[in-house]
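**Q** First, the structure itself, so that you have it in front of you.
The values are calculated or read from the model by the stated rules, or taken from the named source; none is laboratory data. A quick note: this is a predicted structure, and the numbers were derived from the prediction, not measured. Methodologically, a virtual Cβ is constructed for each residue, glycine included, from the backbone with ideal geometry; neighbour enumeration extends over all protein chains shown. For accessibility, only protein heavy atoms count, side chains too; no ligands or nucleic acids. Shrake-Rupley method; radii C 1.70, N 1.55, O 1.52, S 1.80 Å.
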Amino acid sequence: MSVSAACCCTACCRMLYLSGMAPITVSPSRRRGSAFVPGYFTPLARSIRRRQLRSRRLAARWASAEHPLRISHHQARLVHQAHLAAGGGGSIMGEGPHARAASLTAVVTTKGGEQQEQQQEQMKSFKQFAQTRVDRWHWPGVIMASVFLALLTQAAMHRQSLVGGYSQQGVLIPDEAQLSLFEQQLYGCRTFKAQPVPYVDTAASLQVTKTYTPEQEQAADAFTAAVSACSNFSCLQEANKLPRAPGQFRFPHFMVIGFPKCATTSLYCHLIQHPQVQYAKDKESHRLTDKCRPQLAECPAEAQQEYLVDVLNMAEAADAQFTKAAFDGSTHYAQEGGWLAAQMAEQLPWVKVVVSMRDPISQALAMFLHNYMHNRTAPCWETNGQRVYSCVVQDLEAADRARYGPTVEKWTQAFPAEQLHMVQFERLTNRLSMAGAMQKLKGFLEIDPHLPSDSLPLTNWKHKRGDENSVGRYWNMTRSEYKHLVSLAERNTKEVLRVMDQHGLVDTADKIDWMRNWWRVWQSNLDNNCEEGEEGACRIVVS
């Protein structure tokens with residue numbers, strides 16, 4: 001129940017109480033003596049009770065004394081007045097102890113009786129007053145309370161329909177069915193499911209159009225009209241040759257091509273919150289590999305139109321006059337570089353390409369976990385007693401998987417260095433280097449490097465789900481097996497760094513940093529997660 005509803009219910013209960021419809025209840029601590037004391041007279045009853053106890057204690061002290069007690073003048077006056085009120089004569093100061101006790105007991109009894117009669121009179125008058133209010137306000141009170149509760153219920157239902165959600169642990173969680181497609185993507189991108197959907201100003205990119213000169217405005221309109229009229233690759237090639245106004249991007253502007261399980265989902269979730277980035281209707285459509293293989297130029301017309309207009313969300317990009325950078329986040333494109341890289345460079349020669357790579361062993365294990373959770377376990381898992389070691393060996397040897405070098409080389413041969421950007425997973429996910437890596441990436445994409453933030457939402461981390469013994473938290477193998485995997489991963493690392501160095505994508509400091517980050521992961525497992533000896537048991541964790 002919400003706070004407002006609780007307050008209204010409290011108000012209704014008070015209304016019923018005042019109208020006499022609700023019973024008057026008193027806690028056991030308020031039942032003093034033999035008489036029933038209603039809540040209204042509790043202070044008076046307590047005062048009477050205190051006076052009775054005080055008189056009795058004083059009488060007991062007086063009765064036990066062999067000589068006059070040392071009491072204050074005020075106490076002596078009270079005792080003497082009580083003695084006279086009880087019908088006693090003279091002074092009680094000179095009487096014996098037993099006589100004084102009897103006199104004071106009579107005083108207390110007399111005063112107690114008078115107080116009890118006074119209390120009963122008050123109770124009788126209260127009952128008459130309450131009965132009068134019941135007769136007068138019973139049915140009006142019922143009607144007023146019913147109407148008030150009905151209005152309260154209607155208001156609560158209206159508020160829920162406007163917000164389209166419910167409250168969970170103080171955070172408003174919207175109803176996903178009532179969200180737009182963009183909001184649904186933001187909803188799925190939250191790091192913690194109790195977080196609210198982030199707000200994105202979708203019109204912020206249009207602010208640059210207010211600064212256009214008449215010539216720039218004319219160029220912007222011509223570019224927007226030409227691109228939005230295209231539904232195939234050949235048309236886009238011609239349209240993207242037109243001059244653009246400041247702040248406009250070619251369509252599409254960039255690709256995040258992989259590798260899988262290398263923070264590509266986190267990158268996508270971060271970038272779609274940027275006011276200069278246009279989200280795709282399908283984050284991982286894989287249209288180019290699923291429907292245009294093996295020749296992009298010969299891709300069916302309907303597939304080209306579906307990809308450009310629907311998947312890349314051309315309509316919304318055109319509404320923003322292409323001041324938002326449209327992109328595709330299909331993470332398996334990197335692995336298809338053997339045939340896709342050259343053809344993409346031919347059909348979309350202006351596009352920028354982002355490649356993310358992770359420690360090869362961690363990438364292979366994370367990919368295996370992904371397939372395992374989707375019931376796609378490899379034969380190597382079953383034929384080797386459900387041990388993952390042999391599966392990782394296969395991935396580290398495969399040129400289209402965790403052996404990055406041969407695949408990356410296809411992309412470096414197809415695109416110039418200024419259109420390629422290599423990202424290391426361990427830099428993106430490390431809190432100390434995250435901001436610098438994100439700013440460098442957004443600078444490459446020619447968007448504001450400080451928006452929407454310098455942090456990356458860590459989403460889709462399957463190895464962090466469940467308890468400490470869940471599948472994916474760690475992987476069992478021997479120390480010698482893991483050392484063999486490290487030797488293969490080190491070879492793969494040197495291969496891909498050599499390819500990147502040949503095409504000017506890394507400098508000496510970058511190469512050292514890449515190798516050091518991956519060696520840190522391998523050495524941490526050997527030092528902290530493996531027992532001594534070549535056959536020592538290991539619990540390998542991913543980066």
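**Q** 5 Å is the cut-off here: which amide hydrogens, built 1.01 Å from N in the peptide plane, fall below it relative to ALA325, excluding neighbours closer than 5 in sequence?
**A** Those lying under 5 Å, H to H, from ALA325 are VAL277, GLN278.
**Q** State in Å² the accessible area per residue of the range 294-442; use a 1.4 Å probe, count heavy atoms of protein chains only, and round to the nearest integer.
**A** Per residue, the range 294-442 has an accessible area of 38 Å².
**Q** What's the percent breakdown of Cα-Cα distances in the range 274-317 across 5 Å bins, shortest bin first?
**A** Going from the shortest bin to the longest, the percentages are 5, 24, 27, 21, 14, 6, 3, 0.
**Q** Of the accessible area of the range 250-340, with the probe set at 1.4 angstrom, what percent is carbon plus sulfur? Working shown, then result.
**A** Values: 1110 of 2650 Å².
C and S atoms contribute 42 percent here.
**Q** I would also like to ask the following. How big is the gap, in Å, between the Cα center of the range 238-257 and the Cα center of the range 208-231?
**A** 12 Å
**Q** Also, I was wondering about something else. Output ³J(HN,Hα) for the range 288-296: one whole-Hz value per residue in order, computed from phi by the Karplus curve 6.51 cos²θ - 1.76 cosθ + 1.60 with θ = phi - 60°, and x for Gly and Pro.
**A** So the Karplus estimates, Gly and Pro as x, are 5, 8, 7, 10, 10, 6, x, 10, 5 Hz.
**Q** Once R0 is set to 60 Å, what does the formula 1/(1 + (r/R0)^6) return for the Cβ-Cβ distance between ARG50 and ILE143, expressed as a FRET efficiency to the nearest 0.05?
**A** Efficiency for this residue pair is about 0.85.
**Q** Quick one: which of 503-514, 226-237 comes out on top by average Cβ neighbours within 10 Å, and what's the full order, highest first?
**A** With the highest mean Cβ count within 10 Å placed first, the list reads 226-237, 503-514.
**Q** Debye calculation, C-alpha points only, no solvent: report log10 I(q)/I(0) for the range 179-253 at q = 0.11, 0.15, 0.17, 0.20 Å⁻¹, in the same order as the q values.
**A** The Cα Debye sum returns log10 ratios of -0.45, -0.70, -0.79, -0.88.
**Q** Under a point spin-label approximation (7 Å from Cα along Cα-to-Cβ), what is the ASP201-LEU152 distance to one decimal in nm?
**A** The two pseudo-label positions are separated by 4.1 nm.
**Q** For the range 277-424, with only Lys/Arg (+1) and Asp/Glu (-1) charged at the beta-carbon, what is the dipole magnitude about the Cα centre, in debye rounded to 20? Mind dumping the intermediate values first?
**A** Values: 13 positive and 19 negative charges, 77 e Å.
That gives the range 277-424 a dipole magnitude of about 380 debye.
**Q** Still on this structure: How do 342-350, 215-223 rank on mean C-beta neighbours within 10 Å, highest first?
**A** 342-350, 215-223
**Q** Also: Subtract the Cα-Cα distance of GLN502 and GLU302 from 0.36 nm times their separation in residues, and report this length gain in nm to one decimal.
**A** Difference between extended and current length: 68.1 nm.
**Q** How charged is the neighbourhood of VAL227? Take every other residue with its Cβ under 14 Å from the Cβ of VAL227, and add Lys/Arg as +1 and Asp/Glu as -1.
**A** 0
**Q** Using 0.36 nm times the number of residues separating ARG431 and LYS210, minus their current alpha carbon distance, what extension gain do you get? Intermediate values should be presented prior to the final figure.
**A** Working: separation 221, 0.36 × 221 = 79.56 nm, distance 3.75 nm.
Separation in residues times 0.36 nm, less the Cα-Cα distance, equals 75.8 nm.
**Q** Multiplying the sequence separation of SER524 and HIS484 by 0.36 nm and subtracting their Cα-Cα distance, what value in nm do you get?
**A** The span from SER524 to HIS484 would gain 12.9 nm if fully extended.
**Q** Say R0 is 51 Å: what FRET efficiency, to the nearest 0.05, do ASP290 and GLU532 get from their beta-carbon distance?
**A** Values: r = 49 Å, r/R0 = 0.96.
With R0 = 51 Å, the Cβ-Cβ based efficiency is 0.55.
**Q** Please give the FRET efficiency for ARG539 paired with GLN178, using the beta carbon to beta carbon distance and R0 = 51 Å, rounded to the nearest 0.05. Please list the in-between numbers first.
**A** Values: r = 44 Å, r/R0 = 0.87.
It comes out at approximately 0.70.
**Q** Follow-up. How high is the relative contact order of the range 350-448, in percent, with contacts defined as C-alpha pairs under 8 Å that are six or more residues apart?
**A** Relative contact order of the range 350-448: 36 percent.
**Q** In a Debye calculation with equal point scatterers on the alpha-carbon sites of the range 374-533 and no solvent, what is log10 I(q)/I(0) at q = 0.19 Å⁻¹?
**A** Reported log10 I(q)/I(0), two decimals: -1.42.
**Q** Still on this model: When the gyration tensor of the range 256-384 is built from Cα positions, what are the square roots of 5 times its three eigenvalues, in whole Å, from largest to smallest?
**A** Working: eigenvalues 160, 69, 36 Å².
Square roots of five times the eigenvalues give 28, 19, 13 Å.
**Q** Now for a different question. Roughly to the nearest percent, how much of the accessible area of the range 478-538 is carbon and sulfur, given a 1.4 Å probe? Please report the intermediate quantities before stating the final value.
**A** Details: 1480 of 3080 Å².
For the range 478-538, the apolar C and S fraction of the accessible surface comes to 48 percent.
**Q** From the cross-link list LYS442/LYS494; LYS324/LYS442; LYS440/LYS483; LYS324/LYS511; LYS291/LYS352, which pairs have alpha carbons spaced over 24 Å apart?
**A** LYS442/LYS494; LYS440/LYS483; LYS324/LYS511
**Q** Order PHE148, PHE249 by their accessible area, 1.4 angstrom probe, all chains in place, largest first.
**A** PHE148, PHE249
**Q** Moving on. Work from the charge dipole of the range 351-409 (Cβ charges, +1 for Lys and Arg, -1 for Asp and Glu, about the Cα centre) and give the residue of TRP381, VAL355, LEU365 farthest towards its positive end.
**A** Highest projection toward the positive end goes to VAL355.
**Q** Report P(r) for the range 188-301: all Cα-Cα distances, bin width 10 Å, range 0 to the bin holding the largest distance, values in whole percent.
**A** Histogramming the range 188-301 at 10 Å steps yields 11, 31, 34, 20, 4 percent.
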